[in-house]
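Data first, discussion second: the structure below is written as structure tokens.
The values are calculated or read from the model by the stated rules, or taken from the named source; none is laboratory data. Everything numeric here is computed off the predicted structure, so don't read it as measured data. Cβ atoms come from the backbone with ideal geometry, glycine included; neighbour counts cover every protein chain shown. In case anyone asks, the SASA skips ligands and DNA or RNA and just uses the protein heavy atoms, side chains included. Shrake-Rupley method; radii C 1.70, N 1.55, O 1.52, S 1.80 Å.
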Amino acid sequence: MAKIFQRPAALTGKAFHYCPGCTHGIVHRIIAQCIDELGIREDTIGVCPVGCSVFAYEYFNCDMIEAAHGRAPAVATGVKRVLPDRVVFTYQGDGDLAAIGTAEVVHAAARGEKITTIFINNAVFGMTGGQMAPTTLVGQKTTTTPKGRDRETTGSPLRVAELLSTVEGAVYVARVSVHNPASVIRAKKAIKKAFEVQLQGLGFAIVEVLSTCPTNWGLSPVEALEWLEKNMVPIFPLGEFRKPAEWDKNGTGEGASC
Amino acid sequence: MARVLMKGNEAFGEGAIRAGCRYFFGYPITPQSELPHFLAKRLPEIGGVYLQAESEVSAINMVYGAAAAGARVMTSSSSPGISLMQEGISYIVGAQLPCVIINVMRGGPGLGNIAPAQGDYFQATKGGGHGDYKLIVLAPASVQEIITHMQLAFDLADKYRNPVMVVGDGILGQMMEPVDLEGTGGEMAEPSKPWATTGMRGRKERNIVNSLCIVPEENEKNNLQLAAKYGEIQRSEQRWEEYGLDDAEWVLVAFGTVARVAKGVVDKARKEGIAAGLIRPITLWPFPEKAFNKVIDQVKGFLTVEMSLGQMVEDVRLCVQGRQPVRFLGRPGGMVPSVREVYEELKKMAGVKTCG
Ligand SMILES: Cc1ncc(C[n+]2csc(CCOP(=O)(O)OP(=O)(O)O)c2C)c(N)n1
Ligand code: SF4
């Protein structure tokens, strides 16, 4: 009997430690599927963040590096400059990438660093107990905005994909979601493109993934998916913000926009 | 033929290249700028990479990545930039990666100035970042020694899988001296790095570079493993220079630029009948306590001279353990002690009248 669904070779098989309903696990799986489909597992080096996905090195079945909080794009830069023919990706949360590590990601993009960044936007700091992140919605209650995020004193959500789409070196910038099967399929397509950009040596590629944190949102897994769709998608519109100019010319990388 | 005139800051770069380093990540700061200028030109010519980072925070994390990928890699900065690197240095130690960090020290605290200083001694030798760790710290005192220390720095970093810091100051960085390049570099006896994260092609097991160790019992083991390594370094790697020490009664202790001043003082004192000598620590960590134990019963006292308010003098006192008097003379904030003022202090210590 043919197996039609199995663990990707790019996952180790170690059980995820994520909370029930957390979408970090879905994103891990689709990244691993892309790595398998592109046949790059043995040439890939992943860099994980500090955040709930700090143990990602136990899950991805390739060489892995654990970086300091926010510094993954700089670490990935060091690896890629030494090993330009290898595939290097970072996996980062919104505290990691959009707060403490803003400079690192902006400048990796500005240099057109040939790395792939997967950015998990769950609108909170998950690991440290549900504090406000730069991506927290106005009015959203967190442990450090107990009355809801107040625009006047704490500002409004940072739109990382839009911000980076103004940077020339960021040749592929997309925002996707994983709140239903159709969006997961689109997310996978975008992530695969972000790796293809690197394989083609075109520049920096980033996919922002809207993700759930049921634990810190105080919602059930299903409610969290609904909350994401209703509240996050309108503030963080989905789509491809930048695609390599080369792709328009010769048609590579086409496919459903996400 | 191999003898050339070279500036200290350029010698750091030349020495690094001769030691097989091909990767540099840094952020501009005075007074070490000639070094990145030199490497920005040289490294691409020999197939290496010079990359100007957006900050010292990023630079040291690029070093972390390049070291994880198995390269001989370095960064360079001056005091304020080295402060910014401390987080990354702690992670590099935790992940047991080799690299070389140059600190061309300047006057602090804060923005301070760009004049020569030694006020980062504590930061360099006592850890600097968070956690229980040590860097191997080398303190060259001439342009020639900068060249040989760069080879030594990369070799020690690889041998112990620990960062090595090489400290200088603006005087050493700017100074032009003839250097003999004969016999330096070339061998490149770089060890293989089977632990490096290079992609697992051809390997069965994944490599993971990491400093996270969530279970306290395991992290204690990690720390004890570091401690064992540091014990071995303390036993094997103490280096120092002795000058007029054999029959010395009064011993000056100074490193780097100040040691050059101190040598002048020893010469002057000897001419005037004072039996002075010098211990010049070459490794600031491990501190060369063996040098002190050797002479402790023969001498009458130590005079530590630094371009700071007194940092290395604490290590001198730890070595001497009250067995002999330890005196201190320092000029902080970017000032350099003169031969004259050090000599006056030495005479006071030796009980020689100052008049005439
Ligand atoms: C320098 C430093 N500051 C703070 C922390 C504490 N810290 C750990 S994870 C984190 C935020 C994690 O949030 P995010 O990046 O959004 O990831 P998530 O947990 O939501 O996946 C913080 C502040 C740290 N580890 N290091
Ligand atoms: S705290 Fe939130 S982000 Fe972290 S594992 Fe749980 S649900 Fe996921």
Original post:
Does B:E34 satisfy being farther than 30 Å from A:G46 by Cα, among the charged types (D, E, K, R), at pLDDT 95 or above and open to solvent by 10 Å² or more (accessible area, probe 1.4 Å)?
Top reply: yes
Subject >> Hits in the range A:44-60 - residues which are open to solvent by 10 Å² or more (accessible area, probe 1.4 Å), at the interface with another protein chain (Cβ under 9 Å from one of its Cβ atoms) and not in a helix (DSSP H, G or I) >> reply: A:V50
Original post:
Is it the case that the range B:71-83 has a residue that's farther than 17 Å from B:A40 by Cβ, of a type in the set (S, T, Y) and facing another protein chain (nearest Cβ under 7 Å)?
Top reply: no
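So which of B:L51, B:L35, B:L97, B:L39 ends up being over 17 Å from A:R81 (Cβ atoms) and either assigned to a loop (DSSP other than H, G, I, E, B) or of a type in the set (A, V, I, L, M, F, W, C) (or both)?
Answer to the check: B:L35.
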**OP:** Kindly provide the set of residues from the range A:197-215 that are open to solvent by 30 Å² or more (accessible area, probe 1.4 Å) and either without any contact (Cβ under 8 Å) to a residue 12 or more places away in the chain or within 16 Å of ligand 1 (Cβ to nearest atom) (or both), ordered by number.
**Re:** A:T215
Subject >> Test for A:R81: is it within 16 Å of ligand 2 (Cβ to nearest atom), among the basic types (K, R) and without any contact (Cβ under 8 Å) to a residue 24 or more places away in the chain >> reply: no
Subject >> Residue identified as away from ligand 1 (no atom under 11 Å from the Cβ), open to solvent by 30 Å² or more (accessible area, probe 1.4 Å), acidic (D, E) and facing chain B (nearest Cβ under 10 Å) among A:D85, A:D63, A:D150 >> reply: A:D85
**OP:** Please verify whether the range B:337-347 includes one or more residues that are more than 24 Å from B:E145 (Cα to Cα), outside the structural domain of B:G119 (by TED's automatic domain parsing) and among the small types (G, A, S).
**Re:** no
**OP:** Determine which single condition B:S55 fails, assuming it passes every other condition in (1) buried (at least 19 other Cβ atoms within 10 Å of the Cβ); (2) under 28 Å from B:P332 (Cβ atoms); (3) of a type in the set (S, T, N, Q); (4) within 14 Å of another protein chain (Cβ to nearest Cβ).
**Re:** (1)
Original post:
Among (1) in the same structural domain as B:I147 (by TED's automatic domain parsing); (2) closer than 17 Å to B:P163 by Cα, which single condition is B:N210 missing?
Top reply: (1)
Original post:
With A:T102, A:T12 as the choices, which residue is away from ligand 2 (no atom under 16 Å from the Cβ), touching a Leu at 6+ places or on another chain (Cβ under 9 Å) and of a type in the set (S, T, N, Q)?
Top reply: A:T102
Original post:
Consider A:M127 against the criteria (1) within 14 Å of another protein chain (Cβ to nearest Cβ); (2) away from ligand 1 (no atom under 16 Å from the Cβ); (3) more than 14 Å from the chain's Cα centre (by Cα); (4) of a type in the set (A, V, I, L, M, F, W, C): it satisfies all of them except one. Which criterion is unmet?
Top reply: (2)
**OP:** Residue by residue through the range A:166-178, note down the ones that are polar (S, T, N, Q) and over 15 Å from the mean Cα position of the chain (by Cα).
**Re:** A:T166
**OP:** Provide a single number: the residues in the range A:216-251 that are surrounded by 14 or more Cβ atoms within 10 Å (Cβ to Cβ), touching a residue at least 24 places away in the same chain (Cβ under 8 Å), within 16 Å of ligand 2 (Cβ to nearest atom) and among the hydrophobic types (A, V, I, L, M, F, W, C).
**Re:** 5
**OP:** Among the residues of the range B:227-246, write down those that are under 15 Å from the mean Cα position of the chain (by Cα), of a type outside the set (S, T, N, Q) and in a loop (DSSP other than H, G, I, E, B).
**Re:** B:E237, B:R239
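Please determine whether any residue of the range B:105-114 is aliphatic (A, V, I, L, M) and either in contact with an Asp or Glu (Cβ under 8 Å, 6 or more places away or on another chain) or crowded, with 22+ Cβ neighbours inside 10 Å (or both). Before you say what the answer is, go through the steps one by one.
The first filter runs over the range B:105-114 and keeps only residues aliphatic (A, V, I, L, M), leaving B:105, B:111, B:114.
Next cut, either in contact with an Asp or Glu (Cβ under 8 Å, 6 or more places away or on another chain) or crowded, with 22+ Cβ neighbours inside 10 Å (or both) only: B:105.
Scanning the range B:105-114, I find at least one residue that is aliphatic (A, V, I, L, M) and either in contact with an Asp or Glu (Cβ under 8 Å, 6 or more places away or on another chain) or crowded, with 22+ Cβ neighbours inside 10 Å (or both), so the answer is yes.
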Original post:
Which residue, of A:A9, A:A76, is buried (at least 24 other Cβ atoms within 10 Å of the Cβ) and at pLDDT 95 or above?
Top reply: A:A76
Original post:
Which ones in the range A:66-78 are part of a loop (DSSP other than H, G, I, E, B) and either in contact (Cβ under 8 Å) with a residue 40 or more places away in the chain or facing chain B (nearest Cβ under 8 Å) (or both)?
Top reply: A:A67, A:A68, A:R71
**OP:** State all residues of the range A:162-195 that are in contact (Cβ under 8 Å) with a residue 12 or more places away in the chain, surrounded by fewer than 23 Cβ atoms within 10 Å (Cβ to Cβ), β-branched (V, I, T) and more than 16 Å from A:L210 (Cα to Cα); if no residue qualifies, say none.
**Re:** A:V167
Subject >> Test: A:G25 is free of Cβ contacts under 8 Å to residues at least 12 places away in the same chain and more than 14 Å from ligand 2 (Cβ to nearest atom) >> reply: no
**OP:** Kindly check whether there is at least one residue in the range A:93-104 that is over 22 Å from A:G25 (Cβ atoms), more than 10 Å from ligand 1 (Cβ to nearest atom) and assigned to a loop (DSSP other than H, G, I, E, B).
**Re:** no
